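Student: There's a structure below that I have some questions on.
The values are calculated or read from the model by the stated rules, or taken from the named source; none is laboratory data. Note that this is a predicted model, so its numbers are computed, not measured. Surface areas here come from the heavy atoms of the whole protein model, side chains and all, with no ligands, DNA or RNA. Shrake-Rupley method; radii C 1.70, N 1.55, O 1.52, S 1.80 Å.
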Amino acid sequence: MAETSDTRTPAQIEADIKRRRAVLAETLDEIGVRVHPKTIVGDAKAKAVAGVDRVFGRAYVQVNRVMTEVRDQFVDDDGAPRKERIVPAALIVAGTVGLIVAGSRKRRHRRRR
């Protein structure tokens with residue numbers, strides 16, 4: 001193995017050692033912060049919140065798209081209601097609610113006997 005000659009002065013070597021110690025201390029401090037339990041928990045919470053936000057954001061966009069499509073079925077381009085579609089839909093909803101109410105009354109009446 002060949003020896004390499006160091007042309008630095010003792011003061012330069014000492015300054016280099018001090019600089020490297022400072023960099024090493026900074027690196028160790030950063031590692032200590034990264035592996036600290038509070039940091040790990042905080043990072044996990046941040047990831048969870050970001051995931052939930054992303055899911056709710058996508059759900060909001062999807063619901064908004066569906067609601068726009070439904071609204072377009074019952075309102076024309078001028079914003080006027082389309083009675084030819086609203087009346088049958090209202091009758092279907094009212095009939096369904098009536099059947100549900102009648103069915104629940106029959107069940108309650110049977111239980112009392």
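Student: Report the residue count in the stretch 82-113 for those that are open to solvent by less than 80 Å² (accessible area, probe 1.4 Å) and not in a helix (DSSP H, G or I).
Tutor: The qualifying residues number 1.
Student: Of the residues that make up the stretch 55-64, is at least one open to solvent by 100 Å² or more (accessible area, probe 1.4 Å) and hydroxyl-bearing (Ser, Thr, Tyr)?
Tutor: Taking the stretch 55-64 first, the residues open to solvent by 100 Å² or more (accessible area, probe 1.4 Å) are 56, 58, 60.
Then drop every residue that is not hydroxyl-bearing (Ser, Thr, Tyr), which leaves 60.
Taking every residue of the stretch 55-64 in turn, at least one turns out to be open to solvent by 100 Å² or more (accessible area, probe 1.4 Å) and hydroxyl-bearing (Ser, Thr, Tyr).
Student: Could you say which residue among THR7, THR27 is open to solvent by less than 80 Å² (accessible area, probe 1.4 Å) and at negative phi? So that I can check it myself, show each step before the final result.
Tutor: On the way: THR7 fails: open to solvent by less than 80 Å² (accessible area, probe 1.4 Å).
Only one candidate qualifies: THR27.
Student: Taking the stretch 11-24, which residues are more than 47 Å from the chain's Cα centre (by Cα) and open to solvent by 90 Å² or more (accessible area, probe 1.4 Å)? Let's see the steps before the verdict.
Tutor: Taking the stretch 11-24 first, the residues more than 47 Å from the chain's Cα centre (by Cα) are 11-17.
Residues satisfying the conditions are GLN12, GLU14.
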